[in-house]
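Values in this text are rule-based calculations from the coordinates and carry no lab data. Since this is a predicted model, take the numbers as computed values, not measurements. With ideal geometry, Cβ positions are generated from the backbone for all residues, glycine too; neighbour counts draw on all protein chains shown.
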Amino acid sequence: MKESEKMTTMIELKNVSYTYPSSEQPALVDLSLEIEAGEWIAIIGHNGSGKSTLAKLLNYLLQPNAGEIKINGIEANAENVWEIRDLVGMVFQNPDNQFVGATVVDDVAFGMENRGVPREQMLTKVEASLRRVHMWDFAEREPARLSGGQKQRVAIASALALEPKVLILDEATSMLDPQGRREMVSLVRELKAELGNELTVLSITHDIEEAASADRVIVINDGVLEEQGQPAEIFGDAHKLENFGLNVPFAEQLKAKLAERGIEVPQQYETIEGMVDWLWQSISTK
């Protein structure tokens, strides 16, 4: 591989451990991980597995008890805290907890106002960010009057306006209905297609269907990194997923039920869309 073609490491963790002051059980144990610029990573695990702890460590909302974290080559520590938070944008489970502005425009502008961004530049960035998430038509709307999915789009716009290198979605779809979750996944695909290596996305989620859209899946179980690989590698082993306390993707459940009825099914991992296509082809050839 040529030097110019080498991937850039955006996130690097070396032997990171963290235990909450009120707990004897570690939330993360000796975790080492590298994430390249432009990757879309899904981090999955049962409730309490350490996923959200990892997100807070990456944004320096928490400080590891041991180990080292670097974002874009910069060590996450007290000296670099504001630089790290400029590099890492976060969208949480409940967007209402993040809103501070009276209107959508005010909310997206808030972070830039705090950083002293000139007004003309700020207005340009606000519009660009809202258009990027298809919310410019709601610019003067009160955030409280938006749907759950629209609120999360505004929260993403607020993060993108600061031009982070990393966007962390910490259970950002868990309060949405199925349609809202599909729209959020579609939006992330759009952002990745548009921004490429300029934006690295981490989806902290327990939604297997959401995780299946990522480039790579990382499984954390009781604070330990257990597995990592492409969705097809991780989700093709239903028994292992169940051992980690995770749901099996619907498409894999469907394949198992069909196989029980003596129907020959695809051996490789399939998304829901892939199974729909396979079913239509099977029906049309009969």
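Using C-alpha pairs under 8 Å with a sequence gap of at least 6, the mean separation divided by the residue count of the stretch 152-249 gives a relative contact order of 22 percent. Simple rule: put +1 on each Lys or Arg Cβ and -1 on each Asp or Glu Cβ in the chain, find the dipole, and look at ILE43, GLY223, GLN179; the Cα lying farthest toward the positive end is GLN179. Rounded, prolate or oblate: which fits the chain when a ≥ b ≥ c are the square roots of the eigenvalues of the alpha-carbon gyration tensor, with rounded for a/c under 1.5 and prolate only if a/b beats b/c? Oblate, since a/c reaches 1.5 and b/c is not below a/b. Note down the magnitude of the dipole of the chain about its Cα centre, charges +1 on Lys and Arg C-beta and -1 on Asp and Glu C-beta and zero elsewhere, to the nearest 20 debye. Magnitude of the dipole: close to 440 debye.
Scalar couplings 3J(HN,Hα) for the stretch 119-130, obtained by applying the Karplus form with A = 6.51, B = -1.76, C = 1.60 to θ = phi - 60°, are 4, 4, 5, 5, 5, 5, 5, 4, 4, 4, 5, 5 Hz; x denotes Gly and Pro. The separation of the stretch 221-280 from the stretch 110-180, counted between C-alpha centres, amounts to 34 Å. Couplings 3J(HN,Hα) for the stretch 251-261, derived from phi with the Karplus relation 6.51 cos²θ - 1.76 cosθ + 1.60 (θ = phi - 60°), are 4, 6, 4, 4, 4, 5, 5, 5, 5, 4, 8 Hz, where x marks Gly and Pro. Taking the Cα centre of the stretch 142-235 as reference, the dipole from Cβ charges on Lys and Arg (+1) and Asp and Glu (-1) amounts to some 380 debye.
Placing +1 on the Cβ of every Lys and Arg and -1 on the Cβ of every Asp and Glu, with nothing else charged, gives the stretch 51-148 a dipole about its Cα centre of roughly 260 debye.
Taking a sphere under 15 Å around the Cβ of TYR60 and counting the other residues whose Cβ falls inside, with K and R at +1 and D and E at -1, yields a net charge of -3.
The angle separating the long axis of helix 104-114 from the principal Cα axis of greatest extent in the chain is about 60 degrees.
Along the charge dipole of the chain, Cβ charges K/R +1 and D/E -1, which of SER282, ALA159, LEU169 sits furthest on the positive end? Going by the Cα projections, it comes out as SER282.
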